[in-house]
């Protein structure tokens, strides 16, 4: 009989999860990505600035940036005057004009917009194509995108980092497939990512339009250097992209982002998605025009936010009332997002921007009225400074996020 003091027979330990060691090559890639991210977040920086920001020595920074200078990813600017303390004049680093550009695509119902974007966020050239909005022929859509990209790349095809595609509907980001576009049902099921990758030989990334816009803000707009904010599109439709802790938020396979179809009125107006009471039913052009017709406002069938704001400012009967209701309806959805996730900053895109300061200030005031008070978390409303370029710059940002390994 075995004593309680007898050592039990040795058995193999249960297998434990493990992770591979990080190779020197992977460390180099991560360090390069962090230096590039610092430049995007702050702007042109000297080696000394980068060393302070990343908390490493200037020698380490030199070993990271020199290969990128040699490969023409980065370039040194003109020497800057030294500080009052003296020392060697610094030379700020920024993206070289010869660095690989990025191809950006905005796929709309019946229309394709494309741009070649520099690594520093400058739109170099654009091209567009049309296709039948009601088509179910995948080749027509793919041909339109590929032809526009061919025009961008002519006459000398550059070694682009990749292609980013923004789609105004649900997508599967894992497979690069369009799931659903309410305004273009024929696009459902189209594997646009793999098909364009086959045509171009480049890596292709596909995502929902509002998330792409958020990436434009994150890399090139008011979201630079911020870890958390929301990017909201309001006009014909509603959509939101959320940047949380430095990365754009995606559900499994790219789910989520359809904030326009969150329910704000139980048993409310019917929505084109088949539900009732969606936020879109009370805060888009469709609702605005229906209400304008009921109030006998001029040009009701084509009314947008800019003309409504001007009518309200002139004291037109009914316009001020409709303006206030539109503000309230937008503020309801924004408040819900703030209460749940507290992004703090909401960057607005789309036709809503035409409302100017009168609209922006009222939305911010209403949201603050309805939001639970918390120290240091007063929500802010801002209009995008990227204007009409926001989606194409965001598509470039989609490629950058993958290149810099910031996409989960």
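Just a few scattered comments:
- Considering only the chain, percent of DSSP beta bridges that pair antiparallel, nearest 5: 65
- Rounded tilt (10° steps) of 356-370 against the dominant C-alpha axis of the chain: 80
- Size estimate for the range 236-372 follows the Kirkwood approach: the inverse of mean 1/r over distinct Cα pairs works out to 15.8 Å.
- Result for the chain in a Gaussian network model with C-alpha springs under 10 Å: among 26, 309, 371, the largest mean-square fluctuation is at 26.
- The sum of -39500 (n - 2.57) across all DSSP H runs of n ≥ 4, divided by the residue count of the chain, sets its helix-only mean residue ellipticity at 222 nm to -11500 deg cm²/dmol.
- Put the Cα centre of the range 350-373 next to the Cα centre of the range 122-164 and the gap is 37 Å.
- Nearest 10 degrees, 0 to 90: helix 24-42 Cα axis against the chain principal axis: 40
- Most fluctuating residue given options 234, 166, 214, as computed from a GNM of the chain linking Cα atoms under 10 Å: 234
- Most mobile of 232, 322, 393 in a GNM of the chain (Cα contacts under 10 Å): 322
- Helix 138-153 axis, angle to the chain major axis (alpha carbon atoms, nearest 10°): 60
- For the range 107-220, the ratio of Cα radius of gyration to the globular rule of thumb 2.2 N^0.38 Å stands at 1.01.
- When the Cα atoms of the chain are aligned to their principal axes, the ranges along those axes come out at 82, 81, 55 Å in descending order.
- Overall Cα dimensions of the range 305-375 - principal axes, largest extent first, Å: 39, 20, 17
Any read-out appearing in this document is the output of simple, stated calculations on the displayed coordinates, not a laboratory observation. Treat the numbers as computed from the prediction; the structure is a model and nothing was measured.
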